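Heads up, the thing below is written out as structure tokens.
The values are calculated or read from the model by the stated rules, or taken from the named source; none is laboratory data. Since the structure is predicted, the reported quantities are computational estimates derived from the model, not experimental observations. Here the Cβ positions follow ideal geometry from the backbone for every residue, glycine too, while neighbour counts run over all protein chains shown. SASA here: full protein model, heavy atoms, side chains in, ligands and nucleic acids out. Shrake-Rupley method; radii C 1.70, N 1.55, O 1.52, S 1.80 Å.
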Amino acid sequence: MLRQSAITAGLGRLGVARGMKLMVHSSLSSFGYVSGGARTVIAALQEALGSNGTLMMPSFNHGALFAPDGPGFFDPQSSPTTNGKIADTFWRLPGVVRSLHPTHSFACWGQGAREYTRDHHRTLTIGPDSPLGRLTADGGYALLLGVSYHANTAHHLSEYENGAPCLGRRTRQLAVRLADGRIVPARSWTWRERPCPITDEGRYAAVLEQSGIVR
């Protein structure tokens, strides 16, 4: 059984430090049994980062809300994420801010959370002005807890910045519900028919590991 103190200590050994800006992808089941479940993992991350740190997680629905059996709109106050138990618990916690984006919303806590998540509905889904793009520009790190490079959203940021021809930009219009109850259109990306050279072919994992920047 894992407790918060053990997880926090492990994060410290990995290099997670107070004041760090961290984008986390995770799998709760990879931990085994955690006392307190997803909330304990989140609390350990917050403890390791401290009040001056920033914790970001995906709160994506990957278009599930717009399937025939879905509600047909994204509501940042109620729509679940398909990114696992830790991420779905995180965005619901007090003090966590969620960006307004119909399919790929980000959730953020800590230093700069509102600045990172604002205006996401006005920019590219995972472009340089998206929450992840802003975190990266400020020296942010990616942390993969029990998941592979396949889950690492940062590869889409690289694809946008390098002009990969596999991602649409603001090519799909979908509905979002605002805090006042109004339902308005917002833009998202679409996948093109061509494969993504970074994501689909898995090129960057070996390059990162050979560079020595991965713990």
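Below are the figures for this structure:
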{"item": "Output for region 123-155, where each listed residue is over 23 Å from Ala17 (Cβ atoms) and touching a Ser or Thr at 6+ places or on another chain (Cβ under 7 Å)", "result": "Thr123, Leu124, Thr125, Ile126, Asp129, Ser130, His155"}
{"item": "Region 142-162, residues that are open to solvent by 40 Å² or more (accessible area, probe 1.4 Å) and either on the phi > 0 side of the Ramachandran plot or β-branched (Val, Ile, Thr) (or both)", "result": "Gly146, Val147"}
{"item": "Filter pass, Val34 being touching a residue at least 40 places away in the same chain (Cβ under 8 Å) and surrounded by 13 or more Cβ atoms within 10 Å (Cβ to Cβ)", "result": "no"}
{"item": "Residues satisfying the stated conditions in region 9-31, i.e. surrounded by fewer than 19 Cβ atoms within 10 Å (Cβ to Cβ) and of a type in the set (S, T, N, Q)", "result": "Ser27, Ser29, Ser30"}
{"item": "Cross-chain or 6+ apart pairs with Cβ under 8 Å, region 1-18 first and under 13 Å from Leu143 (Cβ atoms), then among the small types (Gly, Ala, Ser)", "result": "Ile7/Ala44; Leu11/Ala44; Leu11/Ala48; Gly12/Ala48; Val16/Ala48; Ala17/Ala48"}
{"item": "Qualifying positions in region 105-141 - touching a strand residue (DSSP E or B) at 6+ places or on another chain (Cβ under 7 Å) and either open to solvent by 20 Å² or more (accessible area, probe 1.4 Å) or part of a loop (DSSP other than H, G, I, E, B) (or both)", "result": "Trp109, Gly110, Gln111, Gly112, Arg114, His121, Thr125, Ile126, Asp138, Gly139, Gly140, Tyr141"}
{"item": "Among (1) more than 27 Å from Arg114 (Cβ to Cβ); (2) part of a loop (DSSP other than H, G, I, E, B); (3) hydroxyl-bearing (Ser, Thr, Tyr), the one test that Ser5 misses", "result": "(2)"}
{"item": "The lone exception for Phe74 - which of (1) closer than 20 Å to Gly140 by Cβ; (2) surrounded by 21 or more Cβ atoms within 10 Å (Cβ to Cβ) it fails", "result": "(1)"}
{"item": "Qualifying position, being at pLDDT 85 or above, under 19 Å from the mean Cα position of the chain (by Cα) and buried (at least 16 other Cβ atoms within 10 Å of the Cβ), among Arg187, Arg172, Arg177", "result": "Arg187"}
{"item": "Out of Phe66, Phe90, sole residue that is of a type outside the set (Ser, Thr, Tyr), open to solvent by less than 50 Å² (accessible area, probe 1.4 Å) and without any contact (Cβ under 8 Å) to a residue 60 or more places away in the chain", "result": "Phe90"}
{"item": "Among (1) over 13 Å from Leu143 (Cα atoms); (2) at pLDDT 95 or above, the one test that Ser51 misses", "result": "(2)"}
{"item": "Leading residue by the ranking (surrounded by the fewest Cβ atoms within 10 Å (Cβ to Cβ)) among those in region 37-63 that are assigned to a loop (DSSP other than H, G, I, E, B) and in contact with a Gly (Cβ under 9 Å, 6 or more places away or on another chain)", "result": "Ser51"}
{"item": "Meets criteria (of a type in the set (S, T, N, Q) and under 13 Å from the mean Cα position of the chain (by Cα)) for Ser59", "result": "yes"}
{"item": "Subset of region 71-97 [closer than 17 Å to Ile183 by Cα and either at pLDDT below 95 or not in a loop (DSSP other than H, G, I, E, B) (or both)]", "result": "Phe74"}
